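Every number here is computed from the coordinates shown, using simple stated rules; none is lab data. Quantities reported herein were computed from a predicted structural model and do not represent experimental measurements. Cβ coordinates were reconstructed from backbone atoms using ideal geometry, including for glycine residues, and neighbour counts include every protein chain displayed.
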Amino acid sequence: MRHDATMARRTAVELPPDLRPRLETGRLDLLALFRALDRLNLSPTEIPQRLIRQLFELDADYAEALWALDQPVGTLDLRVMLRHTLAALDQLPEAGARFRKNLPQRVRPRLAELETSVRNALAPHEAYNMVPGH
């Protein structure tokens, strides 16, 4: 019996208490960026496609992680999920800055204004847009 308890402690993954709020914030920040960008009416050639694809992938990673957090204990490898999710969360500031830097200079101030206004108007539940089960 003692061996089982020791193994359970070693294999248990402790999720950071701020993981869900960080994921929700990341999704809402990206949603604000995407909606603001849409309002700028830029041509596809003015939008750095590789960089926006990276942001879409981060958003998908965050949505998947939010879904995973709601799954029954033991159905997923939380250690792998946590490692992948924390790496994705760490990428957002730099990826977002790199994307904005590669937009035309003339739209950057307007994008910042729009992002702020859109972000302020978003409801917290919108972080769960397209998350299965929500």
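Here is the figure for the stretch 81-110: residues that are touching a Lys or Arg at 6+ places or on another chain (Cβ under 7 Å) and closer than 23 Å to Pro44 by Cα total 2.
Does the stretch 83-117 hold any residues that are under 17 Å from Ala32 (Cβ atoms) and small (Gly, Ala, Ser), and which are they? Of everything in the stretch 83-117, those that are under 17 Å from Ala32 (Cβ atoms) and small (Gly, Ala, Ser) turn out to be Ala95, Gly96, Ala97, Ala112, Ser117.
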